[in-house]
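Notes for the one structure printed next.
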Amino acid sequence: MHIVVCIKQVPDSAQIRVHPVTNTIMRQGVPAIVNPYDLFALEEALRLKDRFGGRVTVLCMGPPQAEEALRKCLSFGATDAILVTDRAFAGADTLATSYALASAIKVIGQEQHVDLVFTGKQTIDGDTAQVGPGVAKRLGMNLLTYVSRIVEVDLDARRLKVERRAEGGVQLLDTTLPSLITMLEGSNEMRFATMDDMLRAARCPVRKWNKEQAGIEDLTKIGLKGSPTIVSKVFGPTPRSEKADVQAVADSNVNDVCLNLLEKIFTQHPTLEEETIERLSA
Ligand SMILES: Cc1cc2nc3c(=O)[nH]c(=O)nc-3n(C[C@H](O)[C@H](O)[C@H](O)COP(=O)(O)OP(=O)(O)OC[C@H]3O[C@@H](n4cnc5c(N)ncnc54)[C@H](O)[C@@H]3O)c2cc1C
């Protein structure tokens, strides 16, 4: 079985700062981590490798320092790693990112057929959840989003059954391979890296592909040129001025306190009083 897991290196959100002048995210000096959502995707892929054998390739499009994130995934047990890195990819939005990743997965598929592609549900920085669906569309693969459990894989019949979290419950989806799965956070627990895998990860070559090696056919579809979305401004929400009104309530006067609060609210929102009376008398 050959599985590709797309992982993104992201700034550790706990330490993110916005540049006061350019309004962009300051990445210098901010520790970079593997996008937490992608670890659930990686763990699920490794569990399938444990069951069926085969290969788990981790793939990232990013600057040269993203190699570190790929080595982290190798230390958890991924078989091999590919970093798609080229200045031409800089400034990519989700459309351009999905094009670059899909092109690279096609090249990987020429080496060894790809049965499944995993992505995380979303990233903690761009947070759009658009890349997974974009890659599936470009590769013509079945798209299974918000997957919480892999129920069954039949490699001979090329079939796959998964549970997907949906509004109001869980859906059981029965489909064919190859498919792309966006894995839901909390759907499994990341294993600990073994000493062997950590040593292997330190030695294992991470292949670096530039735009040619990644099979990019249309240069107008990558990087800033290929990105219709421009992030014009990144800014922190303005902290709210009004403070919560905390009142100590003894049992005896709960009614009074409620009435006072209602009075305050109705003074601030006069129409609300009519609406409430209307509804209560309906
Ligand atoms: C604050 C901020 C806001 C942004 N807003 C937008 C926006 O509104 N629209 C837009 O088009 N772009 C936006 N971008 C750019 C966007 O982050 C990049 O295009 C990015 O490469 C992919 O989008 P995402 O982070 O939303 O990924 P998502 O679609 O949330 O990622 C889903 C999954 O795809 C995989 N994946 C994503 N990126 C990579 C990668 N580089 N390499 C390998 N796997 C990957 C991971 O498995 C990930 O879990 C924004 C960036 C920032 C920092």
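The values are calculated or read from the model by the stated rules, or taken from the named source; none is laboratory data. It should be emphasised that the depicted structure is a prediction, and the values quoted were computed from it without experimental measurement. Glycine also receives a Cβ, built like all others from the backbone with ideal geometry; neighbour counts cover every protein chain displayed. What goes into the accessible areas is simple: the full protein's heavy atoms, side chains included, and nothing from ligands, DNA or RNA. Shrake-Rupley method; radii C 1.70, N 1.55, O 1.52, S 1.80 Å.
Note on the chain: with charges restricted to the Cβ of Lys and Arg (+1) and Asp and Glu (-1), its dipole about the Cα centre is near 1360 debye.
Could you calculate the contour length gain from LYS137 to LYS106, that is, 0.36 nm times the residue separation minus the distance between their Cα atoms, to one decimal place in nm?
On the way: separation 31, 0.36 × 31 = 11.16 nm, distance 1.28 nm.
Here the answer is 9.9 nm.
Legend: distances between Cα atoms for LYS161/LYS225; LYS106/LYS233; LYS8/LYS221; LYS161/LYS221; pairs beyond 30 Å are LYS161/LYS225; LYS106/LYS233; LYS161/LYS221. Candidate cross-link partners of LYS264 among the lysines, defined by an alpha-carbon separation under 21 Å and a same-chain spacing of 8 or more, comprise LYS243.
Using just the helices of the chain, give the 222 nm mean residue ellipticity in deg cm²/dmol: DSSP H runs with n ≥ 4 each add -39,500 (n - 2.57), and the total is spread over all residues, rounded to 500. Working shown, then result.
Values: 7 runs with 90 residues, N = 282.
My calculation for the chain gives -10000 deg cm²/dmol from helical runs alone.
List residues of the stretch 73-102, by number, whose backbone nitrogen lies under 18 Å from a label position 7 Å along Cα→C-beta of GLU212. Only 83-89 pass the distance filter. Protection proxy ranking, highest mean first, for peptides 34-46, 120-132, 200-212: 34-46, 120-132, 200-212, where packing is the per-residue count of other beta-carbon atoms within 10 Å, averaged. For the chain, give the percent of accessible area contributed by carbon and sulfur heavy atoms, probe 1.4 Å, rounded to a whole number. Heavy-atom surface of the chain belonging to carbon and sulfur, 1.4 Å probe: 55 percent. I'd like the antiparallel share, as a percent to the nearest 5, of DSSP beta bridges with both residues in the chain. Approximately 45 percent, going by the DSSP bridge assignments.
Treating r as the C-beta distance of GLU68 and ASP127 and R0 as 22 Å, the FRET efficiency rounds to 0.50. The 3J(HN,Hα) values that the Karplus relation (6.51, -1.76, 1.60; θ = phi - 60°) gives for the stretch 100-113 are, in residue order, 5, 5, 5, 4, 5, 5, 4, 5, 4, x, 6, 6, 8, 3 Hz. Gly and Pro appear as x.
When you filter the chymotrypsin sites (Phe, Trp or Tyr not before Pro) in the stretch 98-194 for DSSP loop state and at most 14 other Cβ atoms inside 10 Å of their Cβ, you are left with PHE192. Each of SER281 and ARG165 was given a label point 7 Å from its Cα along the Cα-to-Cβ line. The distance between the two points is 4.5 nm. For the stretch 100-136, backbone nitrogen atoms closer than 16 Å to the point 7 Å from THR229 Cα along Cα-to-C-beta are found at 100-102, 120-136. Summarised as an ellipsoid, the chain has semi-axes of 44, 25, 20 Å, derived from the eigenvalues of the Cα gyration tensor scaled by 5 and square-rooted, with the largest first. In the complete set of protein chains, residue-level accessible area for PHE52 is approximately 70 Å², probe 1.4 angstrom.
Rounded, prolate or oblate: pick one for the stretch 242-282, where a ≥ b ≥ c are the square roots of the eigenvalues of its C-alpha gyration tensor, a/c under 1.5 means rounded, and failing that, prolate if a/b is larger than b/c, else oblate. Could you put the intermediate results ahead of the total?
Numbers: a/c = 3.45, a/b = 1.49, b/c = 2.32.
Oblate is the answer for the stretch 242-282, as a/c is 1.5 or above yet b/c matches or exceeds a/b.
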